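Contents: one structure, followed by commentary.
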Amino acid sequence: MKIALDGPAGAGKSTLAKALAKRCGYTYINTGALYRAFTLKMLDENIDIENEAVLLRALEDSVMKIEGDNVYLNGENIKDRIYTPQIDQNISKVACNRTIRQHMSEMQKKMARETENVIMEGRDIATVVMPEADIKFFVTASVEERARRRVKQNEEKNIFHSFEETLKDIQYRDEKDTQREFAPLMMTKDSIVIDNTGKTLEETIEEMICIMQEKK
Ligand code: DC
């Protein structure tokens, strides 16, 4: 079974997708990590993504691989370097770029084809990467709750970014994700909305597992 899981930043997509994949024995693919990996490369190497020739070369030079939580860029595991406020603040430029999106979605479509039972998480999985998915979850929560969760996640990694700053970052990313010209975040007609505001992780997982069982 192919499962698409889309939704705004901080909605709990990764936690839910990982938990569902573990419970059901599915492969978990986090497409946001690929956009994050390229953002890291852009910042590290000061790449001008507005220069098409430079950008194409940089994309060709980026071999990305995902294995569960681990994200490899040209062989280096960068998972501990891509979840930072600096990446969050710069990623919208990358995610709005048409050439980068085309490159990423081709790579992700191939991953989806090659994996039998998959939960793929992102913003355009149901609309672009896996429109043939058997289930299309759209996971969301109130913006304040999403910001509170992100502050907590950051603190666990010893990154201290205030609630107000985090809320601003998330609102900015929401706007960019939903308003961008190419592959904006949106629901499809057959999306199943999972609003987990005020719900525990277990309650949300159970709700989603019930839906998956009904579909089998
Ligand atoms: O899920 P995340 O917060 O790690 O994603 C990081 C950014 O990548 C997010 O702001 C939007 C972008 N993204 C995207 O545009 N398309 C995807 N399929 C996944 C992520």
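Computed values, structure above
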quantity	calculated
Scan of the stretch 136-159 for residues that are outside any helix (DSSP H, G or I) and touching a helix residue (DSSP H, G or I) at 6+ places or on another chain (Cβ under 6 Å), ordered by number	136, 139
Residue selected from the stretch 149-168 under the condition of a type outside the set (A, V, I, L, M, F, W, C) and open to solvent by less than 30 Å² (accessible area, probe 1.4 Å), by the criterion modelled with the lowest pLDDT	154
Test for residue 53: is it more than 17 Å from residue 112 (Cβ to Cβ) and either touching a His at 6+ places or on another chain (Cβ under 7 Å) or surrounded by 21 or more Cβ atoms within 10 Å (Cβ to Cβ) (or both)	no
Every pair of residues 6+ apart whose Cβ atoms lie under 7 Å, when the first sits in the stretch 14-25 and is open to solvent by less than 40 Å² (accessible area, probe 1.4 Å) while the second is in a helix (DSSP H, G or I) and within 12 Å of the ligand (Cβ to nearest atom)	none
Test: residue in the stretch 35-44 that is in a loop (DSSP other than H, G, I, E, B) and either more than 30 Å from residue 215 (Cβ to Cβ) or in contact (Cβ under 8 Å) with a residue 12 or more places away in the chain (or both)	no
Any hit, the stretch 198-209, residues being open to solvent by 40 Å² or more (accessible area, probe 1.4 Å), part of a helix (DSSP H, G or I) and among the hydrophobic types (A, V, I, L, M, F, W, C)	yes
All positions within the stretch 74-107 that are open to solvent by 20 Å² or more (accessible area, probe 1.4 Å) and touching a strand residue (DSSP E or B) at 6+ places or on another chain (Cβ under 8 Å)	77, 79, 107
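The values are calculated or read from the model by the stated rules, or taken from the named source; none is laboratory data. The model shown is predicted, which means the values in this text are computed figures rather than measured ones. Don't worry about glycine lacking a Cβ; one is built from the backbone with ideal geometry, like all the others, and counts go over all protein chains shown. Areas reflect the complete protein model, heavy atoms only, side chains present, ligands, DNA and RNA absent. Shrake-Rupley method; radii C 1.70, N 1.55, O 1.52, S 1.80 Å.
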